[in-house]
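*Asks:* Dumping the structure here so I can ask a few things about it.
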Amino acid sequence: MTKFEIITIILAGLSFFISLIAVYLSGQANNTNKNIFRRQGVIDLHMAWQDISEVDKNNLIAPDIVRAVNALSLTASLWNHDVIEKSILYQTYWNSYRDLYDTLININELVPGHKKTCRSLMTNEITKAYEGMKNADLSTVTQTRL
């Protein structure tokens, strides 16, 4: 081998090594961008939950119920599709989500001006997210053995 061939092989090896580092760093940057995007969705979700009123079983107000179901649906979509980190959704919205879901699922009366009951507005996606958050809640309970 000539000196030129040896230098060429060394430079090719260095180029390959540098390209591997670049691929790794771009993957890390991509993951960081995904995490930032997930956290930014929290602001939109917060706005959806901002005007949610407590549902009175004896005085159903259609716009309040529609807003409540929309907030549940948005939260469920974000939970089920991992758009926002589940830990953030759980910590921030689980109690409100649970209370609202439990209230609406137990009301089997028609929403004024609509042809559906509160219970029927609870979609499979909303229920799936409820069960997922409920399981996350149960996993926080520690158990000891004596």
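A short reminder: the numbers here are calculations on the coordinates, not readings from a lab. Predicted model only: the values in this text are computed from it and were never measured. Here the Cβ is made from the backbone with ideal geometry for all residues, glycine too, and neighbour counts use every protein chain on show.
*Asks:* Most mobile of 45, 14, 74 per a Gaussian network model of the chain (Cα springs, under 10 Å)?
*Replies:* The residue that fluctuates most here is 14.
*Asks:* Related question: What's the angle, to the nearest 10 degrees (0 to 90), between helix 86-105's Cα axis and the longest principal axis of the chain?
*Replies:* Helix 86-105 sits at roughly 20 degrees to that axis.
*Asks:* Across the chain, how many lysine pairs, 8 or more apart or on two chains, come within less than 27 Å at their alpha-carbon atoms?
*Replies:* Lysine pairs, 8 or more places apart or on different chains, close enough: 12.
*Asks:* May I pose another question? For the range 44-103, run through the trypsin sites (Lys or Arg not before Pro) and keep only the ones in DSSP coil with at most 15 other Cβ atoms within 10 Å of their Cβ.
*Replies:* Here the sparse-neighbourhood loop sites are 57.
*Asks:* Can you give me the angle between helix 3-50 and the longest principal axis of the chain, using Cα atoms only, in degrees from 0 to 90, rounded to the nearest 10?
*Replies:* 10 degrees
*Asks:* Are there GluC sites (Glu not before Pro) in the range 70-146 that DSSP puts in a loop and that have at most 11 other Cβ atoms within 10 Å, and which ones?
*Replies:* 109
*Asks:* Tell me the Rg and the Dmax, in Å, that the Cα atoms of the chain produce.
*Replies:* 25.2, 92
*Asks:* Between the range 41-104 and the range 1-37, how many Å separate their Cα centres?
*Replies:* Comparing the Cα centres of the range 41-104 and the range 1-37, I get a distance of 46 Å.
*Asks:* Using the basic label-point model (7 angstrom from Cα toward the beta carbon), what is the residue 123 to residue 59 distance in nanometres?
*Replies:* Label at residue 123, label at residue 59, 3.0 nm between them.
*Asks:* Among 81, 118, 136, whose Cα projects farthest towards the positive end of the dipole of the range 42-138, with charges put on the beta-carbon of Lys, Arg (+1) and Asp, Glu (-1)?
*Replies:* Value computed over the given set: 118.
*Asks:* Now for a separate question. Quickly work out the residue 40-to-residue 1 label distance, labels modelled 7 Å from Cα along the C-beta direction, and quote it in nm with one decimal.
*Replies:* The two pseudo-label positions are separated by 4.8 nm.
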